[in-house]
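So the structure is just underneath, and the comments pick up after that.
The values are calculated or read from the model by the stated rules, or taken from the named source; none is laboratory data. Not measured: the values here are computed from a predicted model. Note: ideal-geometry Cβ built from the backbone for every residue, glycine included; neighbour counts use all protein chains shown.
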Amino acid sequence: MIAFKKNVKKALPYDREQYLDFLDQDVNSIAKWYGVSFQLPGGYEGRKIGLAEYLEAYEKWFKAIISQFDKGSSWTVNYDNKDMKWFPNEEDNLAALRTVFKQNHIPNEFKGALLFTKDDLLKFAKELISYPLAVFNEVGLLYKDLDISHSERPFIIKISGHANIDLLSTDQGLLTEVANAIKPEKFILRPYRGTSL
């Protein structure tokens, strides 16, 4: 089941303002977050990574990360800092996600969070992880990053339009456990400042 929530602040299991302070590297942030970026070789240096290469590298890994959590887990999907229209166009891409919107009578202009069960998150994994790269259906034109947060544990998966995926948590032990459980050789790990794995 997928639910649509207009009030993102109420839907999130963490304090969004403190999280954004951390992302902005505010040293006075109250909450201590830890993070690590999983990147493909050359991406950090500016190499263009196509959607096919990206999906081949990340889809299976992303599903394995989600699968580590309890069967009854639920997840919130939202933009990281500013709520935007989910579909700012009428393209024919991301068909499964667009169909869910239509089936639930949700307009493309909807701004808010999507709540997924674990099974639905796995089902829509390919479209969610490709969303920032694919929504405009044009090479090089990116949309907003997505954050996928666990409903009960302090854990966020950040889907970046820069063709990488980051894992973040206020629990460094949890972050280390999840990050180290499945660490394909193809990725370069770049810990955030103050994070050690």
Here's a check for you: in the stretch 55-90, which residue that is among the aromatic types (Phe, Trp, Tyr) and not in a strand (DSSP E or B) is farthest from residue 161 (Cα to Cα)?
69
If you go through the stretch 163-190, how many residues are closer than 19 Å to residue 42 by Cβ and not small (Gly, Ala, Ser)?
11
Please determine whether any residue of the stretch 109-127 is among the basic types (Lys, Arg), within 17 Å of residue 81 (Cβ to Cβ) and within 11 Å of the chain's Cα centre (by Cα).
no
Condition first: out of contact with any Leu (no Cβ under 8 Å at 6 or more places or on another chain), of a type outside the set (Gly, Ala, Ser), touching a residue at least 12 places away in the same chain (Cβ under 8 Å) and closer than 20 Å to residue 51 by Cα. Now tell me which residues in the stretch 93-116 satisfy that.
93, 94
So which residues in the stretch 178-194 are at pLDDT 90 or above and charged (D, E, K, R), if there are any at all?
190
Considering residues of the stretch 1-55 that are touching a helix residue (DSSP H, G or I) at 6+ places or on another chain (Cβ under 7 Å), under 18 Å from residue 153 (Cα atoms) and surrounded by fewer than 17 Cβ atoms within 10 Å (Cβ to Cβ) only, the residue modelled with the highest pLDDT
9
Would you mind stating whether residue 39 is without any contact (Cβ under 8 Å) to a residue 60 or more places away in the chain and either polar (S, T, N, Q) or over 16 Å from residue 166 (Cβ atoms) (or both)?
no
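Yes or no, residue by residue, for (1) over 14 Å from the mean Cα position of the chain (by Cα); (2) not hydrophobic (A, V, I, L, M, F, W, C):
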residue	(1), (2)
92	yes, yes
100	yes, no
129	no, no
132	no, yes
148	no, no
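Conditions tested, residue by residue: (1) in contact with an Asp or Glu (Cβ under 6 Å, 6 or more places away or on another chain); (2) among the polar types (S, T, N, Q); (3) buried (at least 21 other Cβ atoms within 10 Å of the Cβ); (4) over 18 Å from residue 68 (Cα atoms).
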position: 106; (1), (2), (3), (4): no, no, no, yes
position: 112; (1), (2), (3), (4): no, no, no, yes
position: 122; (1), (2), (3), (4): no, no, no, no
position: 129; (1), (2), (3), (4): no, no, yes, no
position: 138; (1), (2), (3), (4): no, no, no, yes
position: 151; (1), (2), (3), (4): no, yes, no, no
